[in-house]
Every structure is written in structure tokens, then in C-alpha cells.
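In what follows, a single structure is set out as C-alpha cells and then discussed.
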Amino acid sequence: MEQPKNKFDLEDFIINRMRMSHIYQPVMLKVLLENGGHATVEQIAKALLSYDQSQVEYYSIRTKTMVGQVLTKNGVVTPTKDGTKITGYRLNQEGLTEAERASLSTICDSRLDDFTNSRGDAIWSHRGAGREYLPGSIRYQVLKRAKYRCELCGGLEGQAALQVDHILPKARGGADDLFNFQALCSTCNANKRDTDDTDFRGVAETYSDREVDCIFCELGAGRIIAENELCIAIEDGFPVTQHHTLIIPKRHVADYFDLYQPERNAIETMLHVQRQRILDQDPKVTGFNVGINAGVSAGQTVFHVHVHLIPRRDGDAADPKGGVRGVIPGKQKY
């Protein structure tokens, strides 16, 4: 006869068998446990929301750029600041009694009820992910096309709340069609507002750009020693020193200054990873040169961005003073 489930089964699941890709499972279990074993969907959703810093950030932006500005302009509140940064707001009307505050709060509740009853769910239409008129199939296609990444800042779903946003705003005649949607995180979307019709979809598409006959676009898998979503690392074919490594964006782009910020972030991360790999392999390494050739006059010969990570060891040059200044002979020493 099958044994009934007990607390030890649940304990074993939480400690040993629960495989997590996000915070959702333990949060839901906490809510159930704290409510005697049963909770409504709304209770669980509110608990999940309390852990979502991206939502706090979203409404922090709206507080400062919208409601805070309106109430400040009308003389109702004054921003409190740390230097130039707004950290909060203070009511301008002082000396209110507890009863007066309670009465005013009740009036606010009444205004809220009147407004929500008259507008319904339309008041939340600015939250792109929750727009009920947007078919789930459209939302899925937009996010899939964007590789679940903000098409402006590059933030991934899970790192930021992704919203499906109109490129040409509805207020300016934009259509509810696939071609007129893009994926933006809540922060970028809030900053963009509804006055900008910039199309960021092309940015996402270019991450897959490759060039025929480019040696860095056609690298064999055997040469790649590490990779992340946007860049790879290889050992230099003509090393200046042992373990000389190149960090290369996957997208074909010739000039370092044409990289997108997410690519620069990926390269920076890879530089740290490869630096540690080299230090682990060779304790004699005591320094590094990090260099980029941008343009023919700077010595670039392969026109696909690559960042040199060159390990240095004590005594590998008679006088290393000046380092990268040596790209122009005679200028290294000063």
C-alpha cells in the first residue's frame, strides 16, 4: 500500500530533488506553507511579485518621471534627494493629525475605486506584457525573434521584465501587427515612452551577421577555447607570448567602436574569464597587455574586431616600461 505523503517527503523534495531555473518553486511553497497548505493564485502571484526587483525598478522610474513630477508641479510634494538623485518624496502639508490622514486616505480610496470602475483593465495597458488584446502567439513570436533579449540594452528575460512594445505607438497610428512589435525590458520601455518610434529589431538581427571568407567568422570548433552568447576566445595563431589569447565578437563587425554595448559587456566578461584561466595555468604570469587595433593606421590587418589578451612575465622584455606605448617605436619610453 502506498504510503501517504508527509513532511519528510516534502523536505527531501526541497533539499534534494527540486531543480530550479528561477525563484518560483520555493516562493510558491513558502506561500502554501505559511497559509496552512492552501493559497489562492493571487496570493502566490503577489508573493512572486515581491521578489521581482525589475518590477520595483519599473515603478521607481514611473514614480520619478511621471506621478512624482505631476505632484511636485502642483505643489503637493517635494522630492527628497541624495545629492542630485531623487530618493523619495515629502508631503508639503505638514501637521496633519492621525484622523485627518485617515480621512484623506479614505478619499484617495474612493477616487481609486471611481477611476478603476470607469476605466477597467485599460489603465494597465502600458504594461506591454499584460495587454490582454495582444494574442499570446504574437507575444511568443516577438520574444522568440528577439531571442528573449531586450532589443535595446540586451537584457535577458529573467534579468529584466521583457515587454512587447509597439514600434510606432498606438497613439500615432501604430498597428497591432507582428511587424510593429519589438521586445524591450521595462526600464528601456519606460524611458522610451510613447513618443519614440525607433525600431530596435535590426539590432537583434545583426547579432547573427557573418562574413564569407572572414577568418574569424569561419573558425573551426577546434580552435575555440571558450564562448558565451556574443563572443568567443581562441589562442592567437602567432602569439607574442605563451597563452596569448584573442577575444572575438561572434557578429562580423570591423571596428571596435561599432560594437553594441551587450557585445562589449560579453567581451569584458570573457577577458576576466581568460585572464583567470591563464593565471591558473601559469603562475609565472605577472601582468597583461590588453590591446585592440582599430583601423589600418593602427595596424589592423583582420577586419573583424578582436581584443588581444597578452600575458606578461617578469624578464620577458629587457625594459617593459611604457607597455602599449611601444606601438610607435621610439615612443615607449618616456
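The values are calculated or read from the model by the stated rules, or taken from the named source; none is laboratory data. Computed from a predicted model, the values in this text were never measured in an experiment. Cβ atoms come from the backbone with ideal geometry, glycine included; neighbour counts cover every protein chain shown. Areas reflect the complete protein model, heavy atoms only, side chains present, ligands, DNA and RNA absent. Shrake-Rupley method; radii C 1.70, N 1.55, O 1.52, S 1.80 Å.
Taking all protein chains in place and a 1.4 Å probe, what share, in percent, of the accessible surface of the chain do carbon and sulfur account for? Don't jump to the answer; show the numbers that get you there.
On the way: 11960 of 21740 Å².
With neighbouring chains kept in place, the figure for the chain is 55 percent.
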* residue 294-residue 85 FRET efficiency (beta carbon distance; Förster radius 41 Å; 0.05 resolution) -> 0.70
* Asked: Over all Cα pairs of the chain, how is the pair count split among 10 Å bins, expressed in % and running from 0 up to the last occupied bin?
  -> 4, 16, 20, 21, 18, 12, 6, 2, 0
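Per residue of the chain, what 222 nm ellipticity follows from adding -39500 (n - 2.57) for every DSSP H run with n ≥ 4, rounded to the nearest 500? Can you show the working numbers first?
Working: 10 runs with 109 residues, N = 334.
Result for the chain, helices only: -10000 deg cm²/dmol.
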* Asked: Based on the alpha carbon coordinates of the stretch 205-261, what radius of gyration and maximum Cα-Cα distance (Dmax) apply, in Å?
  -> 11.8, 37
* Where in the stretch 304-334 does the label zone of residue 242 land, with the point 7 angstrom along Cα→C-beta and an amide N cut-off under 15 Å? -> 311-317
* Gain in span if fully extended, residue 286 to residue 179, counting 0.36 nm per residue against the direct Cα distance -> 33.2 nm
* So which helices of the chain fit the span-like rule, where a helix is a whole DSSP H run, its Cα atoms reach 20 Å or more along the axis, and its mean Kyte-Doolittle is at least -1.0? -> 98-119
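Between residue 156 and residue 137, what length comes free when the chain is fully extended (0.36 nm per residue of separation minus the Cα-Cα distance, one decimal in nm)? Don't skip to the end; give the middle numbers.
Values: separation 19, 0.36 × 19 = 6.84 nm, distance 1.97 nm.
Roughly 4.9 nm would be gained on extension.
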* Asked: Once label points are set 7 Å from the Cα along Cα→Cβ at both residue 20 and residue 41, what is their separation, rounded to one decimal in nm?
  -> 2.5 nm
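What accessible area per residue, rounded to a whole number of Å², is obtained for the stretch 191-334 using a probe radius of 1.4 Å? Show your work: numbers first, answer last.
Values: 8560 Å² over 144 residues.
On a per-residue basis, the stretch 191-334 sits at 59 Å².
Determine, from the Cβ-Cβ distance of residue 205 and residue 99 and an R0 of 45 Å, the FRET efficiency 1/(1 + (r/R0)^6), rounded to the nearest 0.05. List each step's numbers first, then the result.
Numbers: r = 61 Å, r/R0 = 1.35.
Once rounded, the FRET efficiency stands at 0.15.
Just round it to a whole percent: the fraction of Cα-Cα distances in the stretch 206-334 exceeding 22 Å.
Cα-Cα pairs in the stretch 206-334 separated by more than 22 Å: 38 percent.
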